[in-house]
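First the structure, in the form of structure tokens, and then the observations on it.
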Amino acid sequence: MNDQGERVEVTSDRDVVRVRQLVRTAAVAVKLSLVDQTKLVTAASELARNTLVYGGGGWVEVAPVDSGRRKGIRIVFADQGPGIADLDLALTDGYTTGGGLGLGLSGARRLVDEFDIATAVGEGTTITVTKWCR
Amino acid sequence: MTLNADEAARFAALLEENQDALVSAWTDRVTTSLRGRLSHAELQRQTSELRRGFQQALAGTAQGISDAAAAELRAQLSELSASRARQGFSATETAVSVFAFKEAVLATLDSSGRNDATTLRDYVAFSSFVDDAALFTFDSYVRVREELIADQAEQLLELSTPVVKLWEGVVAVPLVGTLDSARAQVVMERLLQTLVDTGSPYAIIDITGVPAVDTQVAQHILKTVVAARLMGADCIISGIRPQIAQTIVALGIEFGDIATKASLADALRYVLAQTGKKGR
Amino acid sequence: MERVPILKIGDILLVSIQIDMEDQVALQLQEDLADRIVATGCHGVIIDISALDIVDSFVGRTLATIAAISKVLDADTVVVGMRPAVAITLVELGLSLPGIRTALNVELGMEMLARERATDGEDDDEDGVEDTETPAVPTP
């Protein structure tokens, strides 16, 4: 990890767009392939919207990472919302409580290489995703 | 054991005096060992040049194959091994072409009745010189083969993903060889990009040349078909061989409503029929 | 807030999305388009997304809703110009955009709409003589 991360407060629609742009710039900087850029930005868009809609707002931090062997992008999405009671259910395709398509969490997980989620009811949710260069 | 100056000079003289007999005996031996895969005339040209190369090297008092005086000879040997490697001769066959020179020299010594101790010592020294030359040939043969393999691997990568326009509005990807995940991904991205670039609403993925399809490769093909559909193009899969059809069913891979045809020709016929129908 | 412009070309409404849309902009487009379909009486809508570098589930859902609303208002919708990387991502995401017709570019989209209208008009003589005047694939 390093500390060159950039943080965006997510409190409105406009911030979701800013997250997308930030992630794209970072993805281009570490030379992710076009398809991988697209996957990562899409995943970020889904997760940032979740932070806003389900978490009631929060922050997103985008940082380049270097494992020594390869480079990548790590993004953290954090909120102090209600948390997720049944994680397995939330990660199921088609499950939604917010009137969406229910693809946000499960879909985003398929678009990245690493996906970690920490959540507690009443305390909020933190999701960390990483995409590595091939 | 290296040649000393005297030995080298004596052999240079010997090679000069008996050049016709040597070349002919040498050529005969090489022709036999290569079993007529190169013409006698061509081998005669090669051996006579090599004889001159050996003679000049020895006349320049080369004591080993790596001497400066043997530079010309080394170049000749490299060229010989390169051409042999390209023509598909084995390493042994290539090296034997040089070793045969020793037998030719021995035969010449015999027939000239020189069988004293000095001649024997000379011959042993000369023999080791030829051995080194043959080993040098062997090395450069291997090097050329490695270059060939590297070249071919590169060509294979370039060749591996052609996307061809088959008809107005129809592109085809003939997949050849084993598809690993990475290559499948590259092929599929290129196919989709070609659809956009050419504005072709139809793509035929021909897998006649794919020896085996596993779940992952099938997934890649299926995802490409779905992605193409999202973009507004139809994919047809052709050239599914019987074993692959069995694998697909055995693995429980669902091709759903994706059109599959036995051959590329069937696929093209199907596409043309489709466009005819749509045209009403 | 920015708005996505809607152009009327003959019997077709053309929407070319050129900006990274906020969710509100997408919803606004959905409303504007419904209004314009009714106001103009157009029977075809083309949404060009060739400038979009991503389509997430929200935009995907909006497109599907627009197509459904248009259908109710007797207009066909074709989404054109989806980039390969976007399509690959949507497949991975699990979004198959059911109910949305797509074409590679605006031109093919317009042909598709024209065919659609022609077929609708011919509903009575479904088994009529095959007419190959407007092939989907231009002949060489």
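Our Cα-only numbers for chain A put the radius of gyration and Dmax at 14.0, 42 Å. The simple spin-label model puts a point 7 Å past each Cα toward its Cβ; for residue B:91 and residue B:153 those points are separated by 1.7 nm. A Stokes-Einstein calculation at 10 °C with viscosity 1.306 mPa s, built on the Kirkwood radius of segment C:6-109 over Cα pairs, returns a diffusion coefficient of 117 µm²/s. Computed about the Cα centre, the dipole magnitude for segment A:6-132 is approximately 660 debye when only Lys and Arg (+1) and Asp and Glu (-1) carry charge, each at its Cβ.
Basic side chains Lys and Arg get +1 at the Cβ, acidic Asp and Glu get -1 at the Cβ, and with that the dipole of segment B:164-278 about its Cα centre reaches some 200 debye. From least to most packed, judged by other beta carbons within 10 angstrom and beginning with the fewest, A:119, C:102 follow the order A:119, C:102. Shielding value for A:40-50 is 4, the average number of Cβ atoms from other chains within 10 Å of each residue's Cβ.
Evaluate segment B:106-240: find the radius of gyration of its Cα atoms, find its Kirkwood radius, and give the ratio Rg to Rh.
1.50
Using C-alpha pairs below 8 Å separated by at least 6 residues, the relative contact order for segment A:6-132 is 26 percent. When the alpha carbon coordinates of chain B are projected onto the principal axes, the ranges are 97, 37, 32 Å, largest first. How far is the Cα center of segment B:165-189 from the Cα center of segment B:27-92, in Å? Cα centroid of segment B:165-189 versus Cα centroid of segment B:27-92: 46 Å apart.
Of all the options B:64, B:252, B:199, the one that moves most in a Gaussian network model of chain B with Cα springs shorter than 10 angstrom is B:252.
Orientation-averaged projection of segment C:26-80 equals 3.5 nm² [convex hull of Cα atoms, one quarter of hull surface area]. Using R₀ = 60 Å, calculate the FRET efficiency as 1/(1 + (r/R₀)^6) where r is the Cβ-Cβ separation of residue B:83 and residue A:4; round to 0.05. In this case the efficiency is close to 0.55.
With the simple model of a label 7 Å out from the Cα in the direction of the Cβ, residue C:7 to residue B:219 spans 4.2 nm.
Per-residue extension of 0.36 nm, minus the Cα-Cα distance of residue B:212 and residue B:190, leaves a gain of 5.8 nm for this segment.
Determine, from the Cβ-Cβ distance of residue A:92 and residue A:25 and an R0 of 41 Å, the FRET efficiency 1/(1 + (r/R0)^6), rounded to the nearest 0.05. Efficiency computed from Cβ-Cβ geometry: 0.80.
Distance between the modelled labels on residue A:113 and residue A:33, one decimal in nanometres: 1.2 nm (7 Å Cα→Cβ projection). Could you work out which residue, out of B:70, B:117, B:233, moves most in a Gaussian network model of chain B, that is, has the largest mean-square fluctuation with Cα springs under 10 Å? Between B:70, B:117, B:233, it is B:117 that shows the largest mean-square fluctuation. Mean separation of Cα pairs under 8 Å and 6+ residues apart, divided by the residue count of chain B: what relative contact order is that in percent? Answer for chain B is 14 percent. The angle separating the long axis of helix B:71-87 from the principal Cα axis of greatest extent in chain B is about 40 degrees. Kindly list the residues of segment C:1-29 that lie in the label zone of residue C:40, defined by a backbone N under 15 Å from the point 7 Å along the Cα-to-C-beta vector. Under 15 Å, as judged by backbone N against the label point of residue C:40, lie C:4-17, C:29 of segment C:1-29.
For residue B:42 and residue B:119, the FRET efficiency from 1/(1 + (r/R0)^6), where r spans their Cβ atoms and R0 equals 22 Å, is about 0.10.
Taken over the C-alpha atoms, the protein assembly as shown has Rg and Dmax values of 36.0, 117 angstrom.
In a DSSP loop and with at most 16 other Cβ atoms within 10 Å, the trypsin sites (Lys or Arg not before Pro) in segment A:33-104 are A:69, A:70.
Once you reduce segment B:205-244 and segment A:28-100 to the center of their Cα atoms, the two points are 31 Å from each other.
Computed extension length for residue B:139-residue B:262: 39.5 nm, one decimal, from 0.36 nm per residue of separation with the Cα-Cα distance subtracted. In units of the compact-protein estimate 2.2 N^0.38 Å, segment B:164-278 shows a Cα radius of gyration of 0.99. Look at B:272, B:80, A:89 and count the other Cβ atoms within 10 Å of each Cβ; fewest to most, that gives A:89, B:272, B:80. Computed from the Cα positions only, the extents of segment B:47-142 along the three principal axes stand at 42, 26, 19 Å, in decreasing order. Sequence-distant contacts, meaning Cα pairs under 8 Å at least 6 residues apart, place the relative contact order of segment B:5-156 at 29 percent. By the count of neighbouring beta-carbon atoms within 10 Å, fewest first, C:38, A:62 end up ordered C:38, A:62. With a Cα cut-off of under 19 Å and a minimum spacing of 8 residues unless on different chains, the lysine pairs in the protein assembly as shown number 11.
Every number in this text was worked out from the coordinates using simple rules, so none of it is lab data. The shown structure was predicted, so the numbers you read here are calculated from the model rather than taken from an experiment. All Cβ positions, glycine included, derive from the backbone under ideal geometry; neighbour counts span all protein chains shown.
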